[in-house]
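Novice: Below are the structure tokens for one structure; questions will follow.
Any read-out appearing in this document is the output of simple, stated calculations on the displayed coordinates, not a laboratory observation. Because the structure is predicted, anything quoted here is derived from the model rather than measured. Glycine also receives a Cβ, built like all others from the backbone with ideal geometry; neighbour counts cover every protein chain displayed.
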Amino acid sequence: MKPVKTATVDVPQGDIHDYNSILKYFNDEPVKQSKKDHYHSITFVTTGIIAYDGGQTTMLHLGTLLSKQGYHVYYLSYVPQTVDEMEQNAEFNYEGYEGTCVDMSQLDKHNSDIWLATLWESAYVIKNKPGYKMYFVQDYEPYFYPFGDRYQLAKKTYELGLHMVSLGPWCAKMIKENCKVNSPIDEINFPVNLEQYPYQAHDLSKYPDKKVIDVAVYTKWSSPRRAPINIQMTLNNCQNILAKQGLKLNLHYFGTDKKAQFINGENLGKLTKPEMISLYNRCDFGIAPSMTNFSLVPFEMMSCGLPLIDFKEGTGSYFLPEGAYLKTGFNEKDLAKTFLQAKQNPLELEHMVQKGVDHLQSITWKQTLTDFEAIIEKISAAVA
């Protein structure tokens with residue numbers, strides 16, 4: 001008897017050939033650190049440079065600030081991508097970035113005082129190179145995968161001996177709770193670029209009379225940690241609840257490829273910074289689920305003065321003070337209640353938005369740079 005072909009297939013997870021080009025770097029050899037009195041060069045090892053990538057935008061911003069401080073900064077790809085493509089995407093992600101893009105052909109030739117892994121795969125790539133090896137942790141990456149070998153490979157990188165630098169407190173917490181840590185793990189401030197997302201006051205006094213609410217919703221179909229399925233389901237059911245009370249919810253999704261078909265609302269695709277600012281200014285609320293480490297998008301919404309809704313099940317409470325945003329459960333009933341209560345209390349909304357804007361003043365890139373340089377100074381001092 002022959003099997004019948006079905007539309008449902010197994011989740012592809014077992015192709016070792018995904019790693020053919022870097023297979024030689026995967027082993028269990030622990031990191032051997034080499035410290036110096038002074039460090040002059042810093043190399044971020046990365047998956048090329050991808051447009052619209054928040055994590056790589058953060059990398060480029062940090063690298064630029066370090067370059068301005070006199071360090072020789074490099075962005076070295078461990079996947080095939082030309083230098084021209086890297087430079088073009090880097091300029092798109094962070095206009096005016098500083099540092100030198102280096103393609104994969106230099107992976108075994110490039111030298112650096114400090115190496116920085118930026119994804120779990122790159123931790124294996126750099127761990128046995130000469131110099132001081134660090135790990136710029138922007139998420140708890142085992143959660144990127146179903147429980148299995150890639151989950152375990154990602155988890156093991158936190159136990160290899162690299163000096164870890166956690167963007168914000170949540171990643172450090174998860175690593176300490178779930179891994180056998182035998183190397184330093186420091187935290188740096190999770191920053192926002194206020195200059196690029198200028199504040200514009202919304203007329204909150206009109207909210208009680210609104211019969212139509214416009215919501216900017218950030219999600220990525222390629223990133224389950226941004227809850228692309230759950231947010232559509234929850235908002236769809238929420239729309240039905242609010243419609244029975246005479247309130248229409250207009251949904252403006254962004255962050256996902258334009259060809260994706262959402263079950264409700266409009267898909268604006270991947271937006272440029274000016275397009276995002278325009279969206280925030282014309283919407284009444286913003287939502288950007290973060291089920292693992294926080295996204296930059298909620299900060300950007302708040303910076304523009306857009307009232308933010310975040311879910312208790314996510315990580316917002318690690319990055320935002322109480323009273324600076326609308327905290328709700330990730331279900332349609334709680335969310336509908338939040339919309340209804342918020343629109344009837346414009347004065348409370350005003351205080352909330354102001355508290356959020358005030359908080360953003362304390363998490364600037366200047367503080368992040370100060371935090372990172374203090375780590376380098378601590379490493380140098382340990383040599384003496």
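Novice: So what's the back-of-envelope 222 nm ellipticity for the chain, counting only DSSP H runs of four-plus at -39500 (n - 2.57) apiece and dividing by all residues, rounded to 500?
Specialist: My calculation for the chain gives -10500 deg cm²/dmol from helical runs alone.
Novice: Filter the trypsin sites (Lys or Arg not before Pro) in the range 171-226 down to the DSSP loop ones having no more than 16 other Cβ atoms within 10 Å, then list what survives. Intermediate results must be reported in sequence, preceding the final value.
Specialist: On the way: sites: K173, K176, K180, K206, K210, K211, K220, R225, R226; in loops: K180, K210, K211, K220.
Taking the range 171-226 and a limit of 16 other Cβ atoms within 10 Å, the loop trypsin sites (Lys or Arg not before Pro) found are K180, K210, K211.
Novice: Let me ask something else. For the chain, what relative contact order do you get, as a whole percent, if you take Cα pairs closer than 8 Å and at least 6 residues apart?
Specialist: Across the chain, relative contact order equals 15 percent.
Novice: So if each residue of separation counts as 0.36 nm, and I subtract the Cα-Cα distance between E373 and K270, what length gain in nm does that give?
Specialist: Full-extension gain reported as 33.7 nm.
Novice: Here is a follow-up. Starting from the Cα gyration tensor of the range 231-317, take the square roots of the eigenvalues, sort them a ≥ b ≥ c, and report rounded, prolate or oblate (rounded when a/c is under 1.5, otherwise prolate if a/b is larger than b/c, else oblate).
Specialist: In terms of gyration-tensor shape, rounded.
Novice: Here's something else I'd like to know. Let me make sure I get this right: for the range 193-248, a, b and c are the square roots of the gyration tensor eigenvalues over alpha carbons, sorted descending. Under 1.5 in a/c it's rounded, otherwise prolate if a/b > b/c, else oblate. Which is it?
Specialist: Oblate, since a/c reaches 1.5 and b/c is not below a/b.
Novice: Here's a follow-up. D214: net charge of surrounding residues, Cβ under 11 Å, Lys/Arg +1, Asp/Glu -1, itself excluded?
Specialist: +1
Novice: Ok, one more. Can you compute 3J(HN,Hα) from phi for each residue in the range 74-87, using the Karplus curve 6.51 cos²θ - 1.76 cosθ + 1.60 with θ = phi - 60°, rounded to whole Hz and x for Gly and Pro?
Specialist: Coupling constants for the range 74-87: 10, 10, 9, 7, 10, 10, x, 6, 6, 4, 4, 5, 4, 5 Hz.
Novice: Shifting gears a bit: Loop only per DSSP, at most 11 neighbouring Cβ atoms within 10 Å: give me the GluC sites (Glu not before Pro) in the range 90-166, ordered by residue number.
Specialist: E95
Novice: Okay, next question. So, in Å, what gap is there between the alpha-carbon centers of the range 261-324 and the range 135-192?
Specialist: So the separation of the two Cα centres works out to 24 Å.
Novice: Now for a separate question. Compute the distance in nm between two label points, each set 7 Å from the Cα along the Cα-to-Cβ direction, one at K337 and one at K24.
Specialist: 6.0
Novice: Taking the Cα centre of the chain as the origin, how large is its charge dipole in debye, to the nearest 20, when only Lys and Arg (+1) and Asp and Glu (-1) carry charge on their Cβ atoms?
Specialist: Dipole of the chain, to the nearest 20 debye: 960 debye.
Novice: For the range 69-137, run through the trypsin sites (Lys or Arg not before Pro) and keep only the ones in DSSP coil with at most 15 other Cβ atoms within 10 Å of their Cβ.
Specialist: Answer in residue order: K109.
Novice: Given [x] 23.2, 76; [y] 22.2, 74; [z] 21.7, 69, which label gives Rg and Dmax of the Cα atoms in Å as computed from the coordinates?
Specialist: Recomputing Rg and Dmax of the Cα atoms in Å here picks out [y].
Novice: Lys and Arg at +1, Asp and Glu at -1: add these up for the other residues within a Cβ distance under 13 Å of L235 and post the number.
Specialist: Around L235, the charge tally is -2.
Novice: Which of rounded, prolate, oblate describes the range 315-366, given a ≥ b ≥ c as roots of the alpha-carbon gyration tensor eigenvalues and a/c under 1.5 marking rounded, otherwise prolate only if a/b is larger than b/c?
Specialist: Oblate, because a/c is 1.5 or more while a/b does not exceed b/c.
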